[in-house]
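A.B. asks: Would you mind keeping the following structure in view while I ask a few things?
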Amino acid sequence: MDRHRSLRMTLLLAAGAAGCSSAKSRDIAVVTLAEPQATADDAGAADDPEAPGPRPQRSAGWVQEADGTVHRASPARCDATIAQRACAGTERSLQCRTDADCTEGPRGKCVSSFGQIGPYCGCEYACETDAECGPSEVCVCKGTGALREEHSVCAKALCAVDADCPGSTCGLSAYFNGCWEQVALACRTKDDACQSDADCAPDANPGVACVVPDIEGESARWECAGISCAIGRPLVVEGAPRAAQRAARDDWRAPAELDVASLPPEVRERAAAHYAAVAALEHASIASFARFSLQLLALGAPAALVGEAHRAALDELEHARLAYDIASRLAGRAIGPGPLLEAAAAPLGAGIAEVVEALVEEGCVGETLGAAEGRELSRIAADPALAAALARIAADEERHAALSWRALSWMLATFGEPARAAAERAFSRAAARFAVDPAPGLLAHEALGLLPAAALGALRREVLAEVVAPCRAALPGLSRDNAPAAPSSSPRGASA
């Protein structure tokens, strides 16, 4: 049975064609980028792991313990070099042109990079000492612990050195959720859910680490986390998806009546972290569609497309409320969004090439995958309220995907070769990006709508081949190069 036929036909109609069959042609080219490997700072040796009582305080910089945890005994001077290539000025998107444009942090450098929006120039900031960072921040040196940044960074600090944490240590948390990295320092306490990465079952959940995923007020709790980003239409600023951090608020919830009483506490905790991350990205999608509406107006789009974009933003608002309610019920406390400052600072980027590339990657591909994933998750979710919420989100994502294909069809017909070339680039890049398995989440629990990474990757490859490829082929003027082939097997739990 062709289980993606309905979704494919909906999007083919949106693209202006129907009757194309699923693509079974050739393999896509898979491109993977190696992540930088961080190493421990040399300042200080590890304590004796057999020594009883709290870890002794050190007097020199960053200290890495035998269990892999990193803490800060005293301030350290960092190398503030930013090795990334300077902006050449020929990149397609220019958020800066020279270092003089980078004034929001210390030692700003305008660098050339590549992200979801293609080649761009953006500002990077580094620090040498704490004095160069803002209030309640410290300077974290490149290569310290699990830090992914390739230069020193200013990080939020609820403690600055071990002496601020009586009987404990001031630990470094470098939390990468699959989209961006949040770096912070916080005291270790007896109330933490974990003490080191070993407490997070890394063998069963690769990529999960003991970090501080939620910095709120004057305290923070160390927990196991390792979320990979949800599929959908992200708010991309300077090549990276942006989202609001969590806040303790109760006004962003739509009742889902989820029954969590029978779930073990550790399962609820990890599932809550997952749905809080999903909620943050749905919340950011409101801003993404608001920007898309302005881009459509700038390009002279038909009223119908502009109206659909505004309705999609309202859909995303409800998705965020549903996801925040699910996260709150699982966590047993109110979870909502903090300020999303990037929504006000995000550049409009109304050039046709930039709009088309973002539309293809985030909408035609991203939301098509999101609709298929939502359908599958609603099918396997055991709780009726959770299944209903996921089914509603999936139906809305399907309409959003259809809007993306309609908008792309209009742009290709209206703007010709510049739009066609941009679409070709974006389809090839998106195919490579989504053809590999995502980073494992902190929990695989099908009854809670959480697929294992391998199953999610297999589903995405199936949808790339059976939905995205034929819809792309239906658009006039686009080649079929790099069209994804159908996978040899279905994801675990998928119906035939």
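The values are calculated or read from the model by the stated rules, or taken from the named source; none is laboratory data. Keep in mind that this is a model prediction, so the values were computed, not measured. All Cβ positions, even for glycine, are placed from backbone atoms using ideal geometry, and neighbour counts span all protein chains on display.
A.B. asks: So C200 passes all but one of these: (1) over 21 Å from L450 (Cα atoms); (2) modelled with pLDDT of 80 or more; (3) surrounded by 17 or more Cβ atoms within 10 Å (Cβ to Cβ). Which condition number does it fail?
C.D. replies: Answer for C200: the failing condition is (1).
A.B. asks: Moving on. Given L412, L386, L408, which one is surrounded by 19 or more Cβ atoms within 10 Å (Cβ to Cβ), in the same structural domain as I326 (by TED's automatic domain parsing), under 16 Å from V278 (Cα atoms) and in contact with a helix residue (DSSP H, G or I) (Cβ under 8 Å, 6 or more places away or on another chain)?
C.D. replies: Exactly one of L412, L386, L408 is surrounded by 19 or more Cβ atoms within 10 Å (Cβ to Cβ), in the same structural domain as I326 (by TED's automatic domain parsing), under 16 Å from V278 (Cα atoms) and in contact with a helix residue (DSSP H, G or I) (Cβ under 8 Å, 6 or more places away or on another chain), namely L386.
A.B. asks: So A225 ticks every box in (1) modelled with pLDDT of 80 or more; (2) surrounded by 22 or more Cβ atoms within 10 Å (Cβ to Cβ) but one. Which box is left unticked?
C.D. replies: (1)
A.B. asks: For the list (1) closer than 26 Å to Q195 by Cβ; (2) surrounded by fewer than 21 Cβ atoms within 10 Å (Cβ to Cβ), I need the number of the one condition that W62 fails.
C.D. replies: The number of the failed condition is (2).
A.B. asks: Hey, another quick one. Can you confirm whether segment 126-139 contains a residue that is among the β-branched types (V, I, T), outside the structural domain of D437 (by TED's automatic domain parsing), crowded, with 20+ Cβ neighbours inside 10 Å and touching a residue at least 60 places away in the same chain (Cβ under 8 Å)?
C.D. replies: Checked against the condition, which is being among the β-branched types (V, I, T), outside the structural domain of D437 (by TED's automatic domain parsing), crowded, with 20+ Cβ neighbours inside 10 Å and touching a residue at least 60 places away in the same chain (Cβ under 8 Å), segment 126-139 yields at least one hit.
A.B. asks: While we're on this one: Answer yes if at least one residue in segment 409-420 is in a helix (DSSP H, G or I), within 19 Å of M9 (Cβ to Cβ) and modelled with pLDDT of 85 or more, and no otherwise.
C.D. replies: Within segment 409-420, one or more residues are in a helix (DSSP H, G or I), within 19 Å of M9 (Cβ to Cβ) and modelled with pLDDT of 85 or more.
A.B. asks: On to the next question. Only one of R92, R26, R5, R72 is surrounded by 13 or more Cβ atoms within 10 Å (Cβ to Cβ), modelled with pLDDT under 70 and of a type in the set (K, R). Can you tell me which?
C.D. replies: One residue alone meets the criteria, R26.
A.B. asks: Out of (1) touching a strand residue (DSSP E or B) at 6+ places or on another chain (Cβ under 8 Å); (2) aliphatic (A, V, I, L, M); (3) surrounded by fewer than 22 Cβ atoms within 10 Å (Cβ to Cβ), the odd one out for A320 is which?
C.D. replies: It is condition (3) that A320 fails.
A.B. asks: Could you list all residues from segment 119-155 that are within 12 Å of A174 (Cβ to Cβ) and in a strand (DSSP E or B)?
C.D. replies: Residues satisfying the conditions are V140, V153, A155.
A.B. asks: In addition: Suppose we filter E91, E104, E128, E137 for residues that are more than 24 Å from P241 (Cα to Cα) and either among the aliphatic types (A, V, I, L, M) or more than 23 Å from the chain's Cα centre (by Cα) (or both); which single one remains?
C.D. replies: Only one candidate passes the filter, namely E128.
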